[in-house]
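Heads up: the structure comes next, in structure tokens.
The values are calculated or read from the model by the stated rules, or taken from the named source; none is laboratory data. Bear in mind that the values here come from a model prediction, so they are computed numbers and not experimental data. Neighbour counts are summed over all protein chains in view; Cβ atoms, including those assigned to glycine, are modelled from backbone coordinates with ideal geometry. Heads up: the accessible areas ignore ligands, DNA and RNA and are worked out on the full protein's heavy atoms, side chains in. Shrake-Rupley method; radii C 1.70, N 1.55, O 1.52, S 1.80 Å.
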Amino acid sequence: MKTIIAASLIAITTAAAAAPALAQAPAAAPAPAATATASASGAISVDKTTVADIIKNPKAKAALEAALPPISQYYDQIGGMTLAQVAPMSQGALDDAKLKALQVKFDEINAGK
């Protein structure tokens, strides 16, 4: 149920109608334990760090919200997922280009910039 709600809420950010998003949203697999937390080095990653862990870092949270402003209202639904897991349900709001751009920002943060 949370997956469907998150998918429809993220779809709103793309100005798509919520009804098709609910009907077409694929069910997301639960985050595997290996990807549910940040890597051992603590590096932030779009495909290994959960949204809940990303937003614990103020710089990473700011980068995420700058790239996808409405995402903050959905943290409770997608907190246990990685951004790579959220992307397929976002109806294009979080595409490969945004994931790559966010990873560049996260790499800068990881490097202490």
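Of everything in the range 64-98 that's in a helix (DSSP H, G or I) and open to solvent by less than 20 Å² (accessible area, probe 1.4 Å), which residue is farthest from GLY42 (Cα to Cα)? So the residue we want is MET89.
Between GLN24, GLN91, which is in contact with a Pro (Cβ under 9 Å, 6 or more places away or on another chain) and at pLDDT below 95?
Numbers: GLN24 fails: in contact with a Pro (Cβ under 9 Å, 6 or more places away or on another chain).
Going through GLN24, GLN91 in turn, the sole match is GLN91.
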